[in-house]
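The values are calculated or read from the model by the stated rules, or taken from the named source; none is laboratory data. Quick caveat, the model's predicted, so the values are computed rather than measured. Cβ sites come from the backbone with ideal geometry, for glycine too, and all protein chains shown count toward neighbours.
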Amino acid sequence: MTIFQKSQKAQHAYSLPSDTTAFEQFQPPKKYIRQTPIPLPEVSEIDLTRHFSQLAHQNAGIDNMFYPLGSCTMKLNPRVNEWAANLPGFTRCHPLAPEETVQGCLQLIDELIQILCRLCGMTAGTLLPNAGSQGEFVGVRLISAYHQHRGDTNRNQMLIPDSAHGTNPATAAMCGYSIVTIRSNSDGDLDLTDLKAHLSPQVAGLMLTNPNTLGLFSPQILEIARLVHESGGLLYYDGANLNPLLNIARPGDMGFDVMHINLHKTFSTPHGGGGPGSGPVLCNDKLKQFLPTPRVELHEERYRIIHEDPSSIGAIAAFHGNFGIYLRAYLYAKLHGNYGLRKIAETAVVNANYLKSKLERLFTAPFSRHCMHEFILQADRYLDKGIKAMDIAKRLLDYGVYAPTVYFPLIVKEAMLIEPTESESKDTLDRFAAIFEHIVREIETDPEIVKTAPHTKSVSRLDEVQAVKHPILTHTAHTN
Amino acid sequence: MDFISNKEPQIKEMLTAIGVSNVDELFSSIPSQMRLPRPTDDDGISEFEGMQFMEALAANNTYPAFQNYLGAGAYEHHVPAIVQAICSKSEFLTSYTPYQAEASQGMLQIIFEFQSAICALTGLDISNASLYDGASACAEAALMAFRIKPDSRKIVVSRSMHPHYRQVLKQYLASHSYQIEEIPFRNDGSFDIDTLDCEGAAAVLIQSPNFFGVMEDSHAIFKIAKEKGVLCILCANPLSYGLFASAAEVGADIAVGDCQPLGLPLQYGGPYCGYIACKTNLVRQLPGRIVGETTDTQGRKGFVLTMQAREQHIRREKATSNICTNQALAALATLITILWYGKQGLCKLALTNYQRAAYLRSKLQPGPDCYFNEFKLSFNTSMDTVLHHFRKHGIEPGLCLKKYYPELSNLLLVSVTETKSKKQLDRYIDIAKEIRG
């Protein structure tokens, strides 16, 4: 039942200050007043509490189970970060408060940008983008501003690999570019011949992630960077796969000009059921003048805010971005230090390769070489039993683990993209491998149970076709 | 410190199983000239030291000690204690996007209820799982309007809409050859309806209550727009719907805004939570995630992400937006707050916000017109003197408008919420009168 169906007349949870006498005489002019009552339910505090407890029982997070979602970096969300983000000294600061009164906030912003720049080999950055996609948007806008500034107005194409995350082409399109797709070769790397064929004075840049969405580091990256720069374009780094590179290698050293980071991936800020995220953008000297405003700078030992800059592309957020989110990332970085961040990268890669070695014989491993933080397996060998990757994903749910990412990247058939992260212990990985082995045996002996999974959740497979054909998107559209 | 489980004993075993002798071999695909040396000293800190550090940093913020009368798109409201309790539950805080619907019915239902709550407030038919903030919501609504009216290249926007929102709108439209036409405001801060010319525009976008707290005559403005076949977009503080006409009642096709006043602390600017709602016939152009109800193989009711063909992971460059994550946990905070107040409470909350601001205004700047939550206050003394005087008394009295509207250099934008008692307001009045002499 939705909360709308739990309404009981006159019940409520709220309380309001009672000193209303002095204010009662003020009533708004009738012409503005709402005529239709608000169709919200009337629920007491205990019923509200129980409603959400019940919903929690029908959900699960990293705290509850292993979440090997490739490309999502589902690492532990440390509770100490939650504690810090809820300090009144931060939560009570108004975004337009005078600079002198929020020096703590400004220091955090400035220092985090510096930490991220050092880590990534960049010289300047911004914490304003509210999520990875918005970070990509800012990054591509910086590239536009760069070419515009040079008077080069012909560059209206953006090169994007066929293995790229959907946000890359969507972002480029939002910025007015037409997308040219570059093929991957049989090694899962960018096809250099195809790249060379498409580089031209019309190309603004290439968007890339490295390691790529197949979990593989491109050893050609320096060559790719050289080719793109030679043709006058810029190189954009999608930071979704930054986890295995922390203090191992830096995107700036690889030749990238601009990048975004997903703090809700690499820096452990909680996924929250789908957000809020945070997508800081970092860049080198070619682009720093175009960074959005407002910016923070240290001036004679005091932090100040630069509200406007004629070279800047302008604003991207209403205020300072998701401060409460990047605050968590800041503490996370400080707790680890450079030493700890390196250990994250190393252990993420060890965990992934270990898990790969345990699962390889059960599935097709399209790329035999060592992976980085994630790897792809294909479930195509079970198609003749009528079993697809989606079925295996659903059956995993019955065993108390979350399914890996399926059907991404699009270029690999029956793909399962698995990323354990550095958080997980060897035991968890062993148990996960054992569950997979069990399911593979089920495919042999009882494929039906896999095909119709899950069986132990509050619902079985949901009819997504019906949801599109006959949309019910609010409770008032109910037929119950 | 770190949060890594595996230690030397496990790493050794795992490297053997992989078939390498050391970790460095796993990074051999990275050219050696790029690889950084391993740090030798542990420069991390303990949890205790981390907490001390953050407490000291927070203490460098003196703002929390001031009584806050700043508004301008971020409002200080009571956040019910139950919000933290529910939002910090593991099953919500640490879960991901509900792609595997069967294991995520909790979060999916929450989003469905959030969508329903936004529709309840705005009076419109469909909403989504949230956008980043009010500013990007306005921008996304504008792009939506241009998709619906592909022959139009112009959007009409009120200059009395939040300056930051207008800047973000400009940002989103910068890459396309769209034209933004701004309508000025009259002396009282309201939309100058006489100068409205929306011929050939895709949409008219107004904010009410506007940046100055003035309630616009949205119905009249949208009537003109409709006569020209132009889409009507209303940006509003969702709390104002507890008292004032819904977006549907004034004729809006699309409603946007920021849910921050409902359940989200100030947090130096974020995370907040943008909302967007529209009429049924426009749903295919809505950006962002949408949750819908359906049934499972046994006919039981369940929820799924639906209409994903609009989104980036399916449509890529043809998507309605590049948005991937939404503001899920922030939307949950808003949903809980809306439900905690409920049908009656939301009306009473909106009314007391209106009344407390009206009380302060009546004592210092009486006048007609309808304001919600904030209003303009004029001083003959220099703004620096005004601010200095209030601050001496531990009050941040409001926002100087000079920076945004140079012609309004003697005005302060003052916000009053249910957090201000009569005693506090009377103190403000005394100090203001002192300044005015």
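Below is a table of values for the structure above.
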quantity: Test result for A:LEU222, among the hydrophobic types (A, V, I, L, M, F, W, C), at the interface with another protein chain (Cβ under 10 Å from one of its Cβ atoms) and more than 25 Å from the chain's Cα centre (by Cα); calculated: yes
quantity: Candidates B:LYS392, B:LYS402, filtered to the one that is closer than 19 Å to B:PHE211 by Cβ and surrounded by fewer than 20 Cβ atoms within 10 Å (Cβ to Cβ); calculated: B:LYS402
quantity: Members of segment B:320-375 that are part of a helix (DSSP H, G or I), among the hydroxyl-bearing types (Ser, Thr, Tyr) and under 17 Å from the mean Cα position of the chain (by Cα); calculated: B:THR334, B:THR337
quantity: Answer from B:ARG166, B:ARG147 - the residue that is more than 24 Å from B:TYR272 (Cα to Cα) and not in a strand (DSSP E or B); calculated: B:ARG147
quantity: Boolean, A:ILE160 is aliphatic (A, V, I, L, M) and surrounded by 23 or more Cβ atoms within 10 Å (Cβ to Cβ); calculated: yes
quantity: Sole exception among (1) assigned to a helix (DSSP H, G or I); (2) among the acidic types (Asp, Glu); (3) closer than 24 Å to A:GLY255 by Cβ for A:ASP110, by number; calculated: (3)
quantity: Residues that are under 20 Å from A:SER218 (Cα atoms) and among the aliphatic types (A, V, I, L, M), drawn from segment A:343-399; calculated: A:ALA345, A:ALA348, A:VAL349, A:VAL350, A:ALA352, A:ALA365, A:MET372, A:ILE376, A:LEU377
quantity: Single residue of segment A:1-39 satisfying the filter (part of a loop (DSSP other than H, G, I, E, B), under 24 Å from B:LEU108 (Cβ atoms) and in contact (Cβ under 8 Å) with a residue 24 or more places away in the chain) that is farthest from the other protein chains (Cβ to nearest Cβ); calculated: A:SER7
quantity: Total residues in segment B:11-32, condition under 46 Å from the mean Cα position of the chain (by Cα), part of a helix (DSSP H, G or I) and at the interface with another protein chain (Cβ under 8 Å from one of its Cβ atoms); calculated: 4
quantity: Filtered residue count, segment A:348-375, keeping only those that are β-branched (Val, Ile, Thr) and modelled with pLDDT under 95; calculated: 1
quantity: Among (1) more than 27 Å from A:ALA317 (Cα to Cα); (2) touching a Lys or Arg at 6+ places or on another chain (Cβ under 8 Å) - the single one A:HIS57 does not satisfy; calculated: (2)
quantity: From the options A:PRO169, A:PRO129, residue that is closer than 30 Å to B:LEU412 by Cα and either at the interface with another protein chain (Cβ under 7 Å from one of its Cβ atoms) or within 21 Å of the chain's Cα centre (by Cα) (or both); calculated: A:PRO129
quantity: Positions within segment B:33-50 being β-branched (Val, Ile, Thr) and either assigned to a helix (DSSP H, G or I) or exposed (fewer than 10 other Cβ atoms within 10 Å of the Cβ) (or both), in sequence order; calculated: B:THR40
quantity: Among (1) over 26 Å from A:ASN210 (Cβ atoms); (2) away from chain B (no Cβ under 12 Å) - the single one A:LEU377 does not satisfy; calculated: (1)
quantity: Residue match in segment A:126-136 (condition: touching a Phe, Trp or Tyr at 6+ places or on another chain (Cβ under 7 Å) and over 18 Å from B:ILE323 (Cβ atoms)); calculated: yes
quantity: The listed residue being facing another protein chain (nearest Cβ under 7 Å) and in contact (Cβ under 8 Å) with a residue 24 or more places away in the chain, out of A:GLY337, A:GLY272, A:GLY255, A:GLY277; calculated: A:GLY277
quantity: Cβ pairs under 8 Å, 6+ apart, first in segment B:43-64 and under 16 Å from A:GLY340 (Cα atoms) and facing chain A (nearest Cβ under 7 Å), second among the acidic types (Asp, Glu) and not in a helix (DSSP H, G or I); calculated: B:GLY44/B:ASP2
quantity: Hits in segment B:377-424 - residues which are among the aliphatic types (A, V, I, L, M) and not in a strand (DSSP E or B); calculated: B:MET383, B:VAL386, B:LEU387, B:LEU401, B:LEU408, B:VAL416
quantity: Hits in segment B:121-170 (condition: within 12 Å of another protein chain (Cβ to nearest Cβ), within 22 Å of B:LYS279 (Cβ to Cβ) and without any contact (Cβ under 8 Å) to a residue 24 or more places away in the chain); calculated: none
quantity: Total residues in segment A:241-250, condition in a helix (DSSP H, G or I) and within 10 Å of chain B (Cβ to nearest Cβ); calculated: 2
quantity: Looking only at segment B:75-84, and only at residues there that are more than 8 Å from chain A (Cβ to nearest Cβ) and part of a helix (DSSP H, G or I), the one that is farthest from B:LEU264 (Cα to Cα); calculated: B:ALA81
quantity: Count of residues meeting criterion [within 21 Å of the chain's Cα centre (by Cα) and modelled with pLDDT of 95 or more] in segment A:253-275; calculated: 15
quantity: Scope segment B:244-266; condition outside any strand (DSSP E or B) and small (Gly, Ala, Ser); matching residues; calculated: B:ALA245, B:SER246, B:ALA247, B:ALA248, B:GLY251, B:ALA252, B:GLY263
quantity: Pick from segment A:348-387, criterion among the charged types (D, E, K, R) and over 26 Å from the mean Cα position of the chain (by Cα), ranking: surrounded by the most Cβ atoms within 10 Å (Cβ to Cβ); calculated: A:LYS358
quantity: Only listed residue being at the interface with chain B (Cβ under 10 Å from one of its Cβ atoms) and among the charged types (D, E, K, R), chosen from A:ASP446, A:ASP427; calculated: A:ASP427
quantity: Residue list for segment A:296-323, filter: in contact (Cβ under 8 Å) with a residue 24 or more places away in the chain, more than 19 Å from B:ALA72 (Cα to Cα) and of a type in the set (Gly, Ala, Ser); calculated: A:SER311
quantity: Answer residue from segment B:65-74, given it is closer than 21 Å to A:GLY104 by Cβ and small (Gly, Ala, Ser) and is nearest to the other protein chains (Cβ to nearest Cβ) among those; calculated: B:ALA74
quantity: Lone unmet requirement of (1) touching a His at 6+ places or on another chain (Cβ under 9 Å); (2) part of a loop (DSSP other than H, G, I, E, B); (3) touching a residue at least 40 places away in the same chain (Cβ under 8 Å) for A:THR293; calculated: (3)
quantity: Residue match in segment A:141-150 (condition: closer than 30 Å to A:LEU331 by Cα and modelled with pLDDT of 95 or more); calculated: yes
quantity: Single residue of B:GLU216, B:GLU199, B:GLU182 found to be in a loop (DSSP other than H, G, I, E, B), acidic (Asp, Glu), more than 23 Å from B:THR280 (Cα to Cα) and modelled with pLDDT of 95 or more; calculated: B:GLU216
